[in-house]
Amino acid sequence: MTSARVVVDADVCISSGRCVAERPDVLRFDADELAEVVPGAPDLPTDTAVALARGCPSGAITLLDTGTGAEIDVD
Ligand code: SF4
């Protein structure tokens, strides 16, 4: 099974809270109520990570393949 590292672009996040509610072990709000990755957060199974990224209403979440570092297409 492949896995993915979650990356958030705070400039694109609109603070919907969806990802934070869904995976509080991976994402949290910063002081400005923008999502950020929890320090030391685990990588996720790729299909789980893709579903998380697709659920972001602003497209702020991108994914990097744990093995290769390549960006994963979530469209
Ligand atoms: S789902 Fe997207 S817009 Fe909502 S808090 Fe997470 S990163 Fe921000």
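Brief remarks on what is shown
- Residue within the range 14-23 that is more than 10 Å from the ligand (Cβ to nearest atom) and not polar (S, T, N, Q) present: no
- Considering the range 54-69, the residues that are of a type in the set (Gly, Ala, Ser) and surrounded by 10 or more Cβ atoms within 10 Å (Cβ to Cβ) include one that is farthest from the chain's Cα centre (by Cα), namely GLY67.
- Among the residues listed as GLY67, GLY59, the single one being among the small types (Gly, Ala, Ser), touching a residue at least 12 places away in the same chain (Cβ under 8 Å) and away from the ligand (no atom under 12 Å from the Cβ): GLY67
- Among the residues making up the range 33-56, those that are away from the ligand (no atom under 14 Å from the Cβ), out of contact with any helix residue (DSSP H, G or I) (no Cβ under 9 Å at 6 or more places or on another chain) and not small (Gly, Ala, Ser) are PRO39, PRO42, PRO45, THR46, ASP47, THR48.
Only the coordinates and a few stated rules stand behind these numbers; no lab work does. From a predicted model like this one, the values you see are computed outputs, not experimental measurements. Ideal geometry is used to build each Cβ from the backbone, glycine not excepted, and the neighbour counts take in all protein chains shown.
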